[in-house]
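Q: Structure provided below as C-alpha cells; questions to follow.
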Ligand code: KDG
C-alpha cells in the first residue's frame, strides 16, 4: 500500500554533458525527469511508499523510465505503456552563467495523453494512502491531463488524503493568464501549496517584489492551510494560521545543475510531514533536499537518502518564527 500518490508526465531528459550553448553541444547524458517523478523518487529514497500514475510510449525511453522508477522503489503498476504516442523528451543545456535553455519535444506525447480514466484505474492506490502530490505542470499538458489532476484531487478528497500542489509554472507550456486561473482553482482545493515568488505572485495577483511573508499570506487567502514561498538562495518562508516561519537555504559551494531543486524540496517537505515533523523542521529538511539536488547533474542524481539527509542536517541551522 502506498502512502503517497502522484501523477504527471515522466520524460527523458537529454542533458548537455558539459556547460555551453546548445549550438556547441555534441554530447548529452540521458536522464529520467519530470517534476512529479522527481518528487516520487525523492520520497522513495527517504523511505516512503509512492505510487506514480502516468503514461510512457512503447519505446526504449519509456522502458528506461519504467525501469528507473521501479528500480528506485516507486510503484509503477499504474504507468500505462501507450502504443499510440512516443515518450516525451526534453533537451537541456548546462550553463555556468545565466539560465540554461530547455527544449521540449512533448506535444502529443504519451505522457500528455494521461486522462481521468487512468486515475480511475488507479483508484485503489488512493485507498489507504495519506498524501496526493500534484504540480501545475500536468494541467498545462492537455485538457485530458488537466482533467486527470481534477479527478485525482476528487479521489483524494473522498479518501481524506492531504493534497499538496507545487505551482511549477512552465511558460513554454501555457500563458501566464491561463496558468493563473488554474493555479487559483487548484490552490483552493489543496492543503499545502508551494511555489517560488513569481509563481506565488501570479497565483494571487500580488506583486512578485512583495515581501515573501506577504506573498505567503496572499497564498493562504486562496484556501490552503499551509503555504511555502521558495526563495532559492534565500531559503523559504512558510505560513500556516497566524504563524510564519523563515528557513535559510543550505549553502552549496557550487551549483552543478539547478533543475530539480524544487521537486527535491517538495519530496523533503512531504517526507518530513509524513514523519510527523513540525513545520520548521519540515522546511529545514526540504531546504537540505533542494540543496543536495543541485550538486549533481540531472534531476534525480542528488536526491538524498535518509543517511545522507541526516549528515546534511547536522550541518544546517534551524529557522526563525517571524510572527
Ligand atoms: O522540475 C524539474 C522539471 O522541470 C523537469 O524534470 C521537467 O517536468 C518537467 C518540466 O515540465 O519542466
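The values are calculated or read from the model by the stated rules, or taken from the named source; none is laboratory data. Just so we're clear, the structure is a prediction, and the values are computed from it rather than from any experiment. Glycine also receives a Cβ, built like all others from the backbone with ideal geometry; neighbour counts cover every protein chain displayed.
Q: Please determine, by comparing only the residues of region 242-256 that are outside any strand (DSSP E or B) and touching a strand residue (DSSP E or B) at 6+ places or on another chain (Cβ under 9 Å), which one is nearest to the ligand (Cβ to nearest atom).
A: By that ranking, first place goes to 256.
Q: Which is buried (at least 18 other Cβ atoms within 10 Å of the Cβ), away from the ligand (no atom under 16 Å from the Cβ) and not in a helix (DSSP H, G or I), of 239, 288?
A: 239
Q: Determine whether residue 107 is modelled with pLDDT of 95 or more, closer than 16 Å to residue 141 by Cα and crowded, with 18+ Cβ neighbours inside 10 Å.
A: No: the conditions fail for residue 107.
Q: Follow-up question, since we're still on this one. Counting just the residues of region 110-121 that are more than 11 Å from the ligand (Cβ to nearest atom) and buried (at least 24 other Cβ atoms within 10 Å of the Cβ), which one comes out farthest from residue 82 (Cα to Cα)?
A: The selected residue is 119.
Q: I've got another one for you. If you check every pair at least six apart or on different chains, which have Cβ atoms under 6 Å apart with a residue in region 166-190 that is under 16 Å from residue 143 (Cα atoms) first and a residue that is away from the ligand (no atom under 15 Å from the Cβ) second?
A: 180/202; 183/203
Q: Evaluate region 27-47: report whether one residue or more is within 15 Å of the ligand (Cβ to nearest atom), in a helix (DSSP H, G or I) and farther than 23 Å from residue 312 by Cβ.
A: Looking for residues that are within 15 Å of the ligand (Cβ to nearest atom), in a helix (DSSP H, G or I) and farther than 23 Å from residue 312 by Cβ, one finds at least one in region 27-47, hence yes.
Q: If the requirement is being within 15 Å of the ligand (Cβ to nearest atom), touching a residue at least 60 places away in the same chain (Cβ under 8 Å) and part of a loop (DSSP other than H, G, I, E, B), which of these qualifies: 296, 259?
A: Only one candidate qualifies: 259.
Q: Shifting gears a bit: Within region 130-183, restricting attention to residues that are part of a strand (DSSP E or B) and more than 16 Å from the ligand (Cβ to nearest atom), which residue is farthest from residue 91 (Cα to Cα)?
A: 162
Q: Identify, by number, the condition in (1) under 21 Å from residue 135 (Cα atoms); (2) part of a helix (DSSP H, G or I); (3) without any contact (Cβ under 8 Å) to a residue 12 or more places away in the chain that residue 217 doesn't meet.
A: Among (1) under 21 Å from residue 135 (Cα atoms); (2) part of a helix (DSSP H, G or I); (3) without any contact (Cβ under 8 Å) to a residue 12 or more places away in the chain, residue 217 violates only (3).
Q: Which is more than 16 Å from the ligand (Cβ to nearest atom) and surrounded by fewer than 24 Cβ atoms within 10 Å (Cβ to Cβ), of 309, 283?
A: Residue meeting the stated conditions: 309.
Q: I've got another one for you. Which condition from (1) touching a helix residue (DSSP H, G or I) at 6+ places or on another chain (Cβ under 7 Å); (2) within 16 Å of the ligand (Cβ to nearest atom); (3) outside any helix (DSSP H, G or I) is the one that residue 207 breaks?
A: Tallying (1) touching a helix residue (DSSP H, G or I) at 6+ places or on another chain (Cβ under 7 Å); (2) within 16 Å of the ligand (Cβ to nearest atom); (3) outside any helix (DSSP H, G or I), residue 207 fails exactly one: (2).
Q: When you go through (1) more than 13 Å from the ligand (Cβ to nearest atom); (2) out of contact with any strand residue (DSSP E or B) (no Cβ under 9 Å at 6 or more places or on another chain); (3) closer than 30 Å to residue 177 by Cα one by one for residue 127, which number turns out not to apply?
A: Of everything listed in (1) more than 13 Å from the ligand (Cβ to nearest atom); (2) out of contact with any strand residue (DSSP E or B) (no Cβ under 9 Å at 6 or more places or on another chain); (3) closer than 30 Å to residue 177 by Cα, residue 127 misses just condition (3).
Q: I need the full set of residues from region 1-30 which are closer than 24 Å to residue 139 by Cα and touching a helix residue (DSSP H, G or I) at 6+ places or on another chain (Cβ under 9 Å), in order please.
A: 2, 3, 4, 5, 6, 7, 8, 9, 10, 11, 12
Q: Among the residues of region 2-14, count how many are within 11 Å of the ligand (Cβ to nearest atom) and either surrounded by fewer than 18 Cβ atoms within 10 Å (Cβ to Cβ) or at pLDDT below 95 (or both).
A: Count: 0.
Q: For residue 43, indicate whether it is crowded, with 23+ Cβ neighbours inside 10 Å, in contact with a helix residue (DSSP H, G or I) (Cβ under 6 Å, 6 or more places away or on another chain) and more than 24 Å from residue 85 (Cα to Cα).
A: The answer is yes for residue 43.
Q: Now, a different point. From the list 99, 17, 33, which one is within 22 Å of residue 254 (Cα to Cα), touching a strand residue (DSSP E or B) at 6+ places or on another chain (Cβ under 9 Å) and surrounded by fewer than 23 Cβ atoms within 10 Å (Cβ to Cβ)?
A: Within the list 99, 17, 33, the selection yields 17.
Q: Which number in (1) in a loop (DSSP other than H, G, I, E, B); (2) modelled with pLDDT of 95 or more marks the one condition that residue 98 misses?
A: (2)
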